Amino acid sequence: MTNKIILTFFISQLIGCASIGPDIIQASGNDYNIAIQRTTDEQLLLNLVRLKYRDTPLFLEVNSVSSQFKLFSEAAITANFKKQKTPENIGLSGKLNFTEQPTITYLPLHGDGFIQKLLAPISLETILLLANSGWSVERIIRLAVQNINGIPNAPTASGPTPKMAPEYIDFLSVASLFRKLQNKGAFQLAYEKTEKNKQATILFNNKQEELVAELRKKLDLDEQNNYKLSLGQGISNDKKRIVLSTRSLLGVMYFLSHSVDVPEKDKIDGKVTITRNESGEDYDWHDLTQDLFKINSTAEINEEIGIGTNYRGSWFYIDDSDLDSKSTFSLLTQLFSLQSGNAEGITPVLTLPIGN
């Protein structure tokens, strides 16, 4: 009787092992998710470093992931009989085999369509969508806008490292004002609906009037609460309009690439451009990207690395405790995705009277 109980328990346990299949698939799916996300981040970081060295970027996209799972189980029973009808002893053995055969397909992103998306100015729809999704408007415009009502935000930084220091100080104060007003809930970004189309608009309320007045002065605007937003270049003669000149996605990447902390030996060997200020001294790009983004470099990998990649014999990484850089990097990944799609029509629409 005891042998029958043992035999029944063993067989039930072995058969029950087959139920681990769903658990294995779930665990494997999570592993692929983590691996693809990390690989995508590392590729984007690698391309930022490449741009710093004026090397050609390359983008690969995971096109498909498939995996075959095979689960085999075997059970064996041995028994020794003498003269009795019941076995004198019973031997039990079992085996469980699991194999996985993954197939991952990468697709290079290239061609006219992709290049146009890289070089096209970031749209107002994208900027409004991000701002209404909870992102800091200061972070968005510092990253994506290179001129607002004639106030420059380092426009020369939207390409390969320039030899002369960029102009941006006044823009930082404007971006900071927008952030303060956003934190106070003092404005809304949306669209005015007209008979023919819709007009991007910023609508200030009666909160924080002193800050709003300061912003009006810096942007040379008339005293009102509703201003049109549009894309353009330079200074607008319309004091009821805020004109933005936006960077392209590639321009944003160039802008962030200047924050790469290049090893001293590469500077000495002339592998990167050294930017100078008006007095002829070396310009520190971290003055521009302070509290926004920084890529560190080290000779050896260490535990402080959050997102890292090895290039030209050095490790380039974002410090795992640098939350500002990690936030900006996350925003960059969303910009990359949005520029590849279409954000139009997602931002809230307001029905407002259109003034003269």
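The values are calculated or read from the model by the stated rules, or taken from the named source; none is laboratory data. Not measured: the values here are computed from a predicted model. These accessible areas exclude ligands, DNA and RNA; they are computed on the full protein's heavy atoms, side chains included. Shrake-Rupley method; radii C 1.70, N 1.55, O 1.52, S 1.80 Å.
Assorted remarks:
- Solvent-accessible surface (1.4 angstrom probe) belonging to Tyr311, in square angstrom, nearest 10: 40
- A full extension of the chain between Asn205 and Asp282 corresponds to an added length of 23.3 nm, given 0.36 nm per residue minus the alpha carbon distance.
- Heavy-atom accessible area order for Ser133, Ser173, largest first, 1.4 Å probe: Ser133, Ser173
- The fraction of accessible area contributed by carbon and sulfur in region 283-332 is 41 percent, rounded to a whole number (1.4 Å probe; ligands and nucleic acids excluded).
- When the surface is traced with a 1.4 Å probe over the full set of protein chains, Lys271 keeps roughly 90 Å² accessible.
- Phe114 exposes around 30 Å² of accessible area when a 1.4 Å probe is run over every protein chain in place.
- Contact order relative to length of region 117-214, as percent, for alpha carbon pairs under 8 angstrom and 6 or more apart: 21
- Put simply, the amide H of Glu61, placed in the peptide plane, has neighbours under 5 Å in Leu107, Leu109, leaving out anything fewer than 5 places away on its chain.
- ³J(HN,Hα) computed for each position of region 240-249 - Karplus, 6.51 cos²θ - 1.76 cosθ + 1.60, integer Hz, glycine/proline x: 10, 9, 10, 9, 10, 10, 9, 7, 7, 4
- In this structure, the pairs whose alpha-carbon distance is over 27 Å, taken from Lys218/Lys267; Lys52/Lys228; Lys207/Lys240, are Lys218/Lys267; Lys52/Lys228.
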